[in-house]
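Visitor: Dropping the structure in here first, questions after.
Values quoted throughout were computed directly from the atomic coordinates according to the rules given, and no laboratory measurement underlies them. Note that the structure is predicted; figures quoted are calculated from it, not measured. We place every Cβ from the backbone using ideal geometry, glycine too, and count neighbours over all the protein chains shown.
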Amino acid sequence: MPDIHPRHTLIQISDPHLGRTPGPIRPGYPDSDTQLRAVLADVRKRHPDAALMLVTGDLAEDPETVTYVRLARYLSELPAPVSALAGNHDDHGLARQTFTAAGHDFDAEQRIGNWLIVSLNSAWPGHTPGRLAAEELARLQSAIRRYPDCWVLVAVHHPVVPVGSRWLDALGLTNGDELLAVLQRNPRVRACIFGHIHQDFDAMHGTVRLLGCPSTCVQFLPGSEDFALDPEDAGYRVIRLHADGEFETRIERVPDTAMVPAP
């Protein structure tokens with residue numbers, strides 16, 4: 001019997017921070033490539049039915065063509081289509097050019113069933129915090145108007161609200177209030193997902209659920225006043241979208257990917 005209540009699985013990975021060559025990007029860190037490939041293998045094993053893979057920024061630690069080509073090749077091993085966006089560590093133009101040349105979407109708008117997925121560029125050249133240009137906010141509003149019967153999920157790199165860590169909260173989306181105003185004006189917007197914080201985050205803002213994601217590389221300690229790493233396994237977010245606008249989500253951790261403390 002056909003499923004009369006179709007559901008679609010989205011996978012969010014974030015902040016792979018690949019270097020120019022495989023290996024740790026700084027002393028004491030694990031190999032970014034090995035970590036990412038372990039996460040992708042876990043996704044392939046557990047979620048072969050995924051409809052879309054969203055990669056929410058800080059694709060590269062070293063934003064060079066060779067890095068983006070290698071990352072795009074890894075992502076091409078997935079059965080699901082890939083859509084990416086840039087983070088503060090990325091060269092937006094170079095990442096977009098490389099990913100689209102490899103057949104992946106970038107800063108895209110996708111229709112999946114009766115859901116619209118809109119990826120926004122919050123990378124602010126020369127700055128660690130993020131900012132959404134007026135053109136990006138206008139693009140979001142235009143996309144929502146063009147699909148009035150769709151439920152909406154928005155993806156961006158920088159966190160839209162403070163997450164409870166003093167040092168991270170100084171590096172978030174500087175005009176998050178403008179984005180939230182757009183989201184709140186549109187009752188069919190159900191969620192906004194982001195990266196940058198290297199940890200799970202889940203909060204409501206009015207009717208919109210705000211969701212942060214672990215990194216595929218290293219994790220940041222939740223609630224820390226200053227920079228601190230969390231000895232937790234790498235992870236990713238799974239989102240199951242339902243035709244009635246409801247969704248479920250959870251974080252899945254990948255065993256044996258935790259950072260090993262130095263002796």
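Visitor: So for the chain: antiparallel DSSP bridges make up what percent, rounded to the nearest 5?
Guide: Bridges in the chain are about 50 percent antiparallel.
Visitor: Quick query: amide H of Asp230 versus all other amide H atoms, modeled in the peptide plane; which residues come in under 5 Å with a sequence gap of 5 or more or a different chain?
Guide: Close amide H contacts, sequence-distant or interchain: Gln219, Phe220, Leu221.
Visitor: From the phi angles alone, apply the Karplus equation (6.51, -1.76, 1.60; θ = phi - 60°) to region 155-171 and give each ³J(HN,Hα) in whole Hz, x where the residue is Gly or Pro.
Guide: Once θ is set to phi - 60°, the couplings for region 155-171 become 10, 8, 7, 7, x, 7, 10, x, 10, x, 10, 3, 6, 6, 5, 7, 10 Hz.
Visitor: Sticking with this structure for a sec: Output ³J(HN,Hα) for region 31-42: one whole-Hz value per residue in order, computed from phi by the Karplus curve 6.51 cos²θ - 1.76 cosθ + 1.60 with θ = phi - 60°, and x for Gly and Pro.
Guide: 5, 4, 5, 4, 4, 4, 5, 5, 5, 5, 5, 5
Visitor: Turning to a different aspect of this structure: Assuming 0.36 nm per residue, please report the length gained on full extension of the stretch Phe227 to Ala102 beyond their Cα-Cα distance.
Guide: Value of the extension gain: 41.5 nm.
Visitor: A follow-up question, please. Quick one: compute the contact order of the chain, relative version, from alpha carbon pairs under 8 angstrom and 6+ residues apart, as a percent.
Guide: On the way: 638 pairs, mean separation 52.8, N = 263.
Over the chain, the number comes to 20 percent.
Visitor: A further question on this structure: As an exercise, use a Förster radius of 22 Å and the Cβ-Cβ distance of Lys45 and Tyr147 to find the FRET efficiency, rounded to the nearest 0.05.
Guide: Result of the calculation: an efficiency of 0.10.
Visitor: Something else: Amide H to amide H under 5 Å from Ala155: which residues, 5+ apart in sequence or cross-chain, H placed 1.01 Å off N in plane?
Guide: Residues meeting the criterion, in which the H sits 1.01 Å from N, are Val118, Ser119, Leu120, Ile193.
Visitor: OK, next. Could you check the simple spin-label distance between Ala203 and Thr65, using points 7 Å along Cα→Cβ, in nm with one decimal?
Guide: Placing both labels 7 Å along Cα→Cβ, they lie 4.2 nm apart.
Visitor: Enumerate the amide H contacts of Thr56 below 5 Å, restricted to partners 5 or more residues apart or on another chain; note that Pro and chain-start residues carry no placed amide H.
Guide: Ile13, Ser14, Asp15
Visitor: Assuming a ≥ b ≥ c are the square roots of the Cα gyration tensor eigenvalues, decide whether region 195-263 counts as rounded (a/c under 1.5), prolate (otherwise, with a/b larger than b/c) or oblate. Walk me through the numbers on the way to the answer.
Guide: Numbers: a/c = 4.16, a/b = 1.76, b/c = 2.37.
Oblate.
Visitor: Mind putting a number on the dipole of the chain about its Cα centre? Charges go on the C-beta only, +1 for Lys and Arg and -1 for Asp and Glu, and I need it in Debye to the nearest 20.
Guide: Working: 24 positive and 34 negative charges, 135 e Å.
The dipole magnitude comes to about 640 debye.
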